1. Select from region 293-304 the residues that are outside any loop (DSSP other than H, G, I, E, B) and modelled with pLDDT under 85 and write down the one among them that is nearest to Ser253 (Cα to Cα).
2. Which count do you get for residues in region 467-486 that are in contact with a helix residue (DSSP H, G or I) (Cβ under 7 Å, 6 or more places away or on another chain) and more than 14 Å from Glu81 (Cβ to Cβ)?
3. In region 381-396, which residues are surrounded by fewer than 15 Cβ atoms within 10 Å (Cβ to Cβ) and either under 21 Å from Asp413 (Cβ atoms) or of a type in the set (Lys, Arg) (or both)?
4. Where the second residue is open to solvent by 30 Å² or more (accessible area, probe 1.4 Å) and of a type in the set (Ser, Thr, Tyr) and the first is closer than 25 Å to Gly631 by Cβ and lies in region 328-353, which pairs have Cβ atoms under 7 Å and are six or more apart or on separate chains?
Amino acid sequence: MSRHRDIRNMDYSEDYDGYDDVYGHSVDDDIYISPSHRQFMYNRESSGQSKSDFPMEEDIQEEDETDEVVKLSEEDRAKLESCLDHVRSVFAPMRMSRPEIVKVIISQKFDCERIINHLLKSQSSPPTERRDKGFLPSSTTIPAKVIVPTSVNIIKGFEIDPSTTASRSESPSSGRGTPVVNLNQDTDEIKTGKKDVRMTEAQYKKERGDMKEHLYMIVIGHVDAGKSTLMGHILYAMGHVNQKTMHKYEQESKKLGKQSFMYAWVLDETGEERTRGITMDVGRCQFETKSKMVTLLDAPGHKDFIPNMISGAAQADVALLVVDATRGEFETGFDYGGQTREHALLVRSLGVTQLAVAVNKLDTVSWSQGRFDEIIDKMKSFLKQAGFKESDVTYVPCSGLTGQNLVQRPTEDNLLSWYNGPCLLEVIDGFRPPVRPVSKPFRLSINDIFKGTGSAFCISGRVETGALNVGDKVLICPNKEIASVKSLSIDELLQNVVFAGDQATVTLSGIDMQNVSVGNILCDPQNPVQVATKFEARIVVFNVTVPITKGYNVVLHHQSLEEPGVICKLVAELNKSTGEQIRKHPRFLGNNTSAIVQVQMSRPIALELYSECKELGRIMLRQSGVTIAAGLITKIIQ
């Protein structure tokens, strides 16, 4: 009890209320220190040092961030961090403090090329000038020359290749190696935007130069036209589905009374799709032709799942339109209200220019040439009005159930009597590969989010422009959140880099999964995508039951994004063929008209001008489950 206070004998007074300050606090008394521990205690008086030997608190200057950083917006902060990483990668280690580098970055308005030039000039200045700018402390003296004996060659540890150290010089002030920068070198060569473009193009040729061209093809058409059966039979004929699995599908489909759907089950994998006999979501599969690597996107044909079809068509390079040759069925899908017309208009509005028309189920009309020509005549006039060139459209007679004219040339005599063209697989192989905009700033449209293994989560989407490497930092718009790329994969195969046109899966870290949603755009922090709630677009109106007026409510489809909006202003009505202005501020817009309108969104969205990025400059306007217009973004109103 010697270490505790004598509480019982203490004189308590009612007027004193400071017992809490006394009781419960330790007292630094020497009598409680063990003699064996006293030798390890530090005492400034016994050490002979006085307080004057140490700097006062007011003499210590902490390196806080500048006031300019506090005033920056979230977008500018993202640019600032990207610039800092860029500077550190070029100048490592830096002899300037972080606040000084931040001041240079802000003064140069986040321009990497100007920042590098400014820092190079600062480092190439005389020592006296550099000392004033904060590169060296005032008490530092630089020796004139460091003499290293050359006669003695002592190697400790591992021997280092001289080629690896030839590009580094020793700094007398820090004693560490720093990169040698050639001041006569063109600034474009020092990791600027121009060099990144050249590096990306060279990297694309190196990575994909000896590979087959990758092509994304979407299969569209009216419900029950035979899209899934057609593509399932092609995959079976090419050996992607073994005989045992096909026999299993045949037996199971017989039990449900849908034996003709056995090939469709290759792509319709969910129980609900197989039970209902329709495709509900976009199915994916991959196969190879002689010169192409084709990723197949099987779109739903039912009108209730048009939003899923739009999401799949936004990823496609080319399209395969399947029509039913059965009498009455073609007319049902092609006339007003059918999905044959709507699907063709949608894919053309989303940028697809090459189209193959598969006239399916021609065996039900005994391979009649007259029926084939009748369908072609109707489709030619319509597709020409939709914007397809005749040279970019190919017509192929086939049968998805019997397999005629799919992978090999036909063997049916009734078909051979009048048709000697290519089979469907040869037509697919003949598609021209699109130009990949790998040199543009990076853009990726998110169409799916899911939890991956570990603590990170994954997003999947199409890389619209540019390239993305593992370890890069990306800006997620419109929320303007910064994240790091942990890993990349294409078709579950890990990749170090992905390019424009790839359907990639990206594992992100440094961000909460709740802050990312379908329809967001991943972009380069140095070149962020534009964010706005109001924009101007040039639209083409399809068939509408009620004319479009000011205040017309619509649902905007932009890539995988679905967002409500309002047409707040009718700017002008245009000539559909020439584009000339007919009248200003029309009262309404009717069927088959072209106009410039302003659209007000309920919240900010990420988008681009069509002139700058075609992939992110296209929009769709729908109402009550019907596509009423398609357009191009011509002006962003901040």
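1. Once the filter is applied, the top-ranked residue is Asp298.
2. Adding up the residues that qualify gives 2.
3. Passing the criteria: Lys384, Lys389.
4. As it stands, the answer is Gly338/Thr332, since those pairs meet every condition given.
Residue-wise test of (1) open to solvent by 100 Å² or more (accessible area, probe 1.4 Å); (2) at pLDDT 75 or above; (3) in a loop (DSSP other than H, G, I, E, B); (4) of a type in the set (Phe, Trp, Tyr).
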residue	(1), (2), (3), (4)
Tyr42	yes, no, yes, yes
Gln61	yes, no, yes, no
Glu65	no, no, yes, no
Val70	yes, no, no, no
Glu75	no, yes, no, no
Pro93	no, no, yes, no
Ile101	no, yes, no, no
Ile105	no, yes, no, no
Glu113	no, yes, no, no
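Table: residues versus (1) farther than 12 Å from Thr507 by Cβ; (2) hydrophobic (A, V, I, L, M, F, W, C); (3) in contact with a Ser or Thr (Cβ under 8 Å, 6 or more places away or on another chain).
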site	(1), (2), (3)
Gly421	yes, no, no
Arg432	yes, no, no
Arg436	yes, no, no
Pro441	yes, no, yes
Phe450	no, yes, yes
Ser460	no, no, yes
Thr465	yes, no, no
Val470	no, yes, yes
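Conditions (1) assigned to a strand (DSSP E or B); (2) open to solvent by less than 40 Å² (accessible area, probe 1.4 Å); (3) in contact with a Lys or Arg (Cβ under 8 Å, 6 or more places away or on another chain), marked per residue:
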position	(1), (2), (3)
Val531	yes, yes, yes
Lys550	no, no, yes
Val555	yes, no, yes
Glu562	yes, no, no
Ile567	yes, yes, yes
Ile605	yes, yes, no
Ser611	no, no, no
Ile619	yes, yes, no
Arg622	yes, yes, no
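Results for (1) outside any loop (DSSP other than H, G, I, E, B); (2) more than 36 Å from the chain's Cα centre (by Cα), shown as yes or no for each residue.
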{"residue": "Asn405", "(1), (2)": "no, yes"}
{"residue": "Gln408", "(1), (2)": "no, yes"}
{"residue": "Asn414", "(1), (2)": "yes, yes"}
{"residue": "Tyr419", "(1), (2)": "no, yes"}
{"residue": "Pro422", "(1), (2)": "no, yes"}
{"residue": "Ile428", "(1), (2)": "yes, no"}
{"residue": "Val438", "(1), (2)": "no, no"}
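The values are calculated or read from the model by the stated rules, or taken from the named source; none is laboratory data. Keep in mind it's a predicted model, so treat the numbers as computed, not measured. For neighbour counting, all protein chains shown are included, and Cβ atoms are generated from backbone atoms with ideal geometry for every residue, glycine included. In case anyone asks, the SASA skips ligands and DNA or RNA and just uses the protein heavy atoms, side chains included. Shrake-Rupley method; radii C 1.70, N 1.55, O 1.52, S 1.80 Å.
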